[in-house]
Amino acid sequence: MNKVYNSRLILIAATLVILNAAFGIAAQKVEATPPTRAQALASPAAAFAFFQAADENAKIAIRAQLEKNPGSRDGLLLGQSPYVAIVGCSDSRVPYGELLGAKSNDVFTVSLAGNVVSDDAIASIEYAVKYLNVPLVVVLGHDHCGAVSACMTEAEVGGALPQLLGKIRPAIQSATKACVGCDKEALFAACIAANAKLSMDELLNRSAKIRTLVQEGKVGLACGVINLSDASIQWIVTPTTVTPAAK
Ligand SMILES: [Zn+2]
């Protein structure tokens with residue numbers, strides 16, 4: 001019995017040694033030659049290695065910045081002070097801060113597919129305006145939005161996705177009604193614009209805190225659609241035109 005037990009222990013130990021060696025070699029390989037951006041798509045491990053390599057590059061850039069200007073990042077540790085909160089889409093083609101030329105600490109971002117506004121998104125914006133004193137909230141849809149497109153085509157989706165698309169559907173319905181005779185492209189654009197406006201209205205209608213701050217003129221609220229190709233924004237509502245109804 002003991003013999004069997006001992007041989008099992010030896011087998012487990014040997015397996016661990018082999019696994020350790022294999023993973024050690026893999027880790028060394030990743031360190032030596034990180035995967036390319038294209039290779040990162042091939043597997044979770046490659047994506048993680050690429051992510052780690054990107055972080056290494058970021059660290060190198062920050063170290064260089066600190067060498068040139070010691071203490072330049074100390075302010076970040078004291079707390080954030082963004083000047084704008086953006087409610088946007090989680091689409092990876094829309095890195096809002098980057099598109100707008102923003103620096104670290106400029107943009108407070110709440111991103112959900114289709115720039116929908118959930119309870120948690122509202123809470124996040126309330127946190128931004130109440131505790132960070134952010135003076136401007138912008139709801140920003142974008143052209144070629146996949147979530148809006150999926151809702152327009154009534155794509156069959158499972159899991160929690162129908163719930164999300166349900167938040168976009170009223171915008172599709174109102175835009176379709178208003179855009180009589182529009183071609184496919186114009187209707188798509190109208191739906192995206194209506195969806196951004198709907199999310200802005202949701203912020204106003206569902207949050208007494210946000211509504212009050214807007215009414216008092218302490219927070220500006222705007223919405224628009226950003227163009228992926230040149231970052232130009234087609235504004236639908238600017239802060240001066242937002243007049244929330246008292247509730
Ligand atoms: Zn989108």
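Each reported figure results from applying straightforward, stated rules to the coordinates on display, with no laboratory input. Quantities reported herein were computed from a predicted structural model and do not represent experimental measurements. Note: ideal-geometry Cβ built from the backbone for every residue, glycine included; neighbour counts use all protein chains shown.
In this model, which of Lys103/Lys218; Lys103/Lys167; Lys130/Lys177; Lys177/Lys218; Lys68/Lys130 are farther than 26 Å apart at the alpha-carbon? The partial results should precede the final answer.
Values: Lys103/Lys218 23 Å; Lys103/Lys167 31 Å; Lys130/Lys177 37 Å; Lys177/Lys218 35 Å; Lys68/Lys130 36 Å.
With Cα atoms farther than 26 Å apart: Lys103/Lys167; Lys130/Lys177; Lys177/Lys218; Lys68/Lys130.
Pop a pseudo-label 7 angstrom from the Cα along the beta-carbon direction at both Ser92 and Ile60 and give the gap in nm to one decimal.
According to this spin-label approximation, the distance is 2.2 nm.
Whose amide H sits under 5 Å from the amide H of Val84, counting only residues 5 or more places off or on another chain, with H placed in the peptide plane?
Phe108
Residue-wise, which Karplus ³J(HN,Hα) couplings in Hz belong to segment 143-150, taking 6.51 cos²θ - 1.76 cosθ + 1.60, θ = phi - 60°, and x for glycine or proline?
5, 6, 6, x, 5, 5, 4, 4
Per Stokes-Einstein, at 20 °C and 1.002 mPa s, what whole-number D in µm² s⁻¹ belongs to segment 31-150, with the Kirkwood radius over Cα pairs as the hydrodynamic radius?
127
Summing Lys, Arg as +1 and Asp, Glu as -1, what charge do residues with Cβ under 11 Å from the Cβ of Val117 carry, Val117 excluded?
Charge balance in the 11 Å sphere: -2.
Can you give me the pair-distance distribution of segment 103-225, C-alpha pairs, 10 Å bins, whole percents?
Once binned at 10 Å, the Cα pair distances of segment 103-225 give 13, 42, 30, 14, 1.
Spelling out what I want: for every residue of segment 183-196, take phi, set θ = phi - 60°, compute 6.51 cos²θ - 1.76 cosθ + 1.60 (Karplus), and round to whole Hz; glycine and proline get x.
7, 4, 5, 5, 5, 4, 4, 5, 5, 5, 5, 5, 5, 5
If you take every DSSP beta bridge whose two residues both sit in segment 81-247, what share of them, in percent to the nearest 5, is antiparallel?
Beta bridges within segment 81-247, antiparallel portion: roughly 20 percent.
At Gln173 and His144, where each label point lies 7 Å from the Cα along Cα→Cβ, what is the point-to-point distance in nanometres?
Here the modelled spin labels are 3.1 nm apart.
Would you mind checking which residues have amide H under 5 Å from Gly220's amide H? H placed 1.01 Å from N; only 5 or more apart, or other chain.
Residues meeting the amide H criterion: Leu136, Val137.
Could you go through segment 73-89 in sequence order and give the Karplus-derived ³J(HN,Hα) for each residue, using 6.51 cos²θ - 1.76 cosθ + 1.60 with θ = phi - 60°, rounded to whole Hz, and x for Gly and Pro?
Each residue's phi maps through the Karplus curve to give 9, 4, x, 4, 6, 7, x, 8, 9, x, 9, 9, 10, 10, 9, x, 8 Hz.
Give me the net charge of His142's neighbourhood, meaning all other residues with Cβ under 9 Å from the Cβ of His142; Lys, Arg count +1, Asp, Glu -1.
Numbers: positive: Arg93; negative: Asp91, Asp143.
In short, -1.
Please arrange Phe188, Phe51 by counting, for each residue, the other beta carbons lying within 10 Å of its beta carbon, fewest first.
Lowest count first: Phe51, Phe188.
Ser111's amide H: which non-local residues (gap 5+, or another chain) put their own amide H closer than 5 Å, with H modeled 1.01 Å from N in plane and none for Pro or chain starts?
Gly88
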